[in-house]
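What follows is a short report on a single structure.
Coordinate-derived values only; no laboratory data. These numbers come from a predicted model, not from an experiment. For neighbour counting, all protein chains shown are included, and Cβ atoms are generated from backbone atoms with ideal geometry for every residue, glycine included.
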Amino acid sequence: MGQFSVGVNKLRVNVPVTFGVLHLAPLWPAFMAQHPKVTLDVTLSDRLVDLVDEGFDVAVRIARLQVSSLISRQLTTTRLILCASPEYLRRHGAPRHPAELAGHSVIAYSLLAAGDQWEFFSSQGSREPIQVKVSPRMRTNSGDTCTAAALQHMGLVLQPSFLVGPHLDSGALVEVMPGFRSTELGVYAVYPSRRQLTPKVRALIDFLVDAFRMRAWPA
C-alpha cells in the first residue's frame, strides 16, 4: 500500500472535533508519508455536513447510521458511558436505576441525537429500552467540556468510550449503573458514491480501516 500512487490531488475530509483530535490527528502524518502526492484538507466540525454540497470527499461519522444515499465503511465502535467522578458520587450517591437520574446534576452534550431523552438497556431481563428525560444543569456542544465538568465533580455525563476511556482506566471517572448500558455507536467513513470512488478516497478509507482494526475502548 505504501507504493500506491493516487496522483496530485487534494483530499477534503470532515471529522468530528474530539475524535479528530484524539484519534485521527496522530494518523495523518503516516497517511501523508504513504501517499506524498496527496494534499490533505481536514476540517474538524461536529456539524452534520452535506458532503456533496460542501465538497468533501470523505467524512468520519459517529452514529447509528440511518438509510441514506451515502456509502459507508465501519471503522470501529464506541459506547456511550454514564460516568461521574468518585468525589461526586461520594457527595451525592450513585443512581442505581435510570429513573433516579432526575435527582442528579447532569452535564449534557447538546448535539446528542436523542437530546435530553437518554436511553439505557438492562443487562438482565427485557431488551426494551428504558428512556428517561434528564434536566441538565449544563448543556454544551463539546464532549470535552462535558468531561472536564465531570472531572471537576459537577455531575453525571453520558460520553463515548473513546473520550472517557482513559479517565475510567485512571479512576478519575467511574462508570455509573453498569447494569444499564447505553447506546453503542458505529464509527464510519462515509463518502458520496461507490461509482465515484477515486483512488485517493479508496486509499484513505483502506488506511483508516487498517488503523482502527485493533483499536478498542471500554466495552
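Per-structure values
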{"quantity": "Label point at R64 placed 7 Å out along Cα→Cβ; residues across segment 140-175 whose backbone nitrogen lies under 19 Å", "calculated": "158-162"}
{"quantity": "Antiparallel content of DSSP bridges confined to the chain, in %, to 5", "calculated": "65"}
{"quantity": "Cα-based shape type of segment 79-184, given that a ≥ b ≥ c are square roots of the gyration tensor eigenvalues and the cut on a/c is 1.5", "calculated": "rounded"}
{"quantity": "Fewest-first ranking of I205, I130, using other Cβ atoms within 10 Å as the exposure measure", "calculated": "I130, I205"}
{"quantity": "Theoretical gain in end-to-end length, A25 to S142 [0.36 nm per residue, Cα-Cα removed]", "calculated": "40.4 nm"}
{"quantity": "The chain, helix-only ellipticity at 222 nm - DSSP H runs n ≥ 4, -39,500 (n - 2.57), divided by all residues, nearest 500", "calculated": "-6000 deg cm²/dmol"}
{"quantity": "Inter-site label distance for A33 and H97 at 7 Å from Cα along Cβ, in nm", "calculated": "5.5"}
{"quantity": "Residues whose placed amide H lies under 5 Å from that of L75, excluding near-sequence neighbours", "calculated": "V187, Y188, A189"}
{"quantity": "Amide hydrogen neighbours beyond the local backbone of L11, cut-off 5 Å, H modeled", "calculated": "T39, L40, D41"}
{"quantity": "Charge context of H153, other residues only, Cβ under 11 angstrom, K/R +1, D/E -1", "calculated": "+1"}
{"quantity": "Length-normalised contact order for segment 79-184 - Cα pairs under 8 Å, 6+ apart - percent", "calculated": "48"}
{"quantity": "Global form of segment 113-173, assessed from the alpha-carbon gyration tensor, a/c cut-off 1.5", "calculated": "oblate"}
{"quantity": "Cβ-based charge dipole, segment 138-219, positive-most Cα from Y188, T145, V164", "calculated": "Y188"}
{"quantity": "Relative contact order, percent, the chain [alpha-carbon distance under 8 Å, six or more residues apart]", "calculated": "31"}
{"quantity": "Cross-link partners of K37 among lysines (Cα-Cα below 27 Å; sequence separation of 8 or more within a chain)", "calculated": "K10, K200"}
{"quantity": "Net charge of Cβ neighbours under 15 Å - reference V38; Lys, Arg +1; Asp, Glu -1", "calculated": "+2"}
